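The block underneath contains the structure these notes are about, expressed in structure tokens.
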Amino acid sequence: MPWFYWVGKLIARMLFLLLTHRRVRGRECVPGEGPVIIVANHMNLADIPLLVISLGRIAIFMAKKELFYSRIAGYFLRRLGSFAVHRGQLDRKALRQAMQVLANGSALVVFPEGMRSKNAQLRPAFSGPALIAVRSGAPLLPVGITGTEKIKGMAWILQRPEVTVNVGHPFYLPPVNGRLTRAELAERTNSIMQHIAVLLPPEYQGSYAKGIERKT
């Protein structure tokens, strides 16, 4: 990683220390090495540096293509190894890049919702992470983030909101015999979101709360 990755990480750590009450639960669940797909809910751009400083290993982000339209943001994202994905369609180039990241034994971060949630509740997810997991055979690491929805405007700086990163246990999606059907893909996508939802308080679970209720 380039030098500004480590400088940026240090700055982010200091800012979160000074401006928030940050807690990380389950850090011991993060695999120390080897391929892993980190899947998390997404409410704020601050989620990206938050995960960088909280998980304890270098990770490459799959980011929406709109972030790369900015020359500055696009430059830094590319230098950090991140790559763009076209949401809502089968992006074969992004899929190949994701598979290569995992083949290299690296950690890949994906936000299955594909965009920030405006009300802090889980949105219906895209199927990309499930497709990557099935094709690569890599484990998934669910992460639930709370508190970053409060990082907006200027008042939050004085309030020092509580920000929590709740890391779950790695899990694998069931293998597929033959070609993956849409129903199988939807089922595995729902499984991923259920693993994230159980790491969140009820008010964050959104459309996946009912699935948790049926299990309990």
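The values are calculated or read from the model by the stated rules, or taken from the named source; none is laboratory data. What you are looking at is a predicted structure, and each value in this text was computed from that prediction instead of being measured. Cβ placement follows ideal geometry from the backbone for every residue including glycine, while neighbour counts extend to all protein chains displayed.
General observations
- Complete set of residues in segment 96-119 that are of a type in the set (A, V, I, L, M, F, W, C), loosely packed, with under 14 Cβ neighbours inside 10 Å and part of a helix (DSSP H, G or I): ALA103
- Residue list for segment 170-195, restricted to those being hydrophobic (A, V, I, L, M, F, W, C), under 11 Å from ALA125 (Cα atoms) and in contact with a Leu (Cβ under 8 Å, 6 or more places away or on another chain): ILE192, MET193
- Members of segment 136-155 that are surrounded by fewer than 16 Cβ atoms within 10 Å (Cβ to Cβ) and closer than 20 Å to ALA12 by Cβ: LYS152, GLY153, MET154
- Residue that is farthest from ILE145 (Cα to Cα), among those in segment 113-133 that are of a type outside the set (A, V, I, L, M) and in contact with a Ser or Thr (Cβ under 7 Å, 6 or more places away or on another chain): SER127
- Filter result (modelled with pLDDT of 95 or more and part of a strand (DSSP E or B)) within segment 6-65: HIS21, ARG22, ARG23, VAL24, ARG25, VAL36, ILE37, ILE38, VAL39, ALA40
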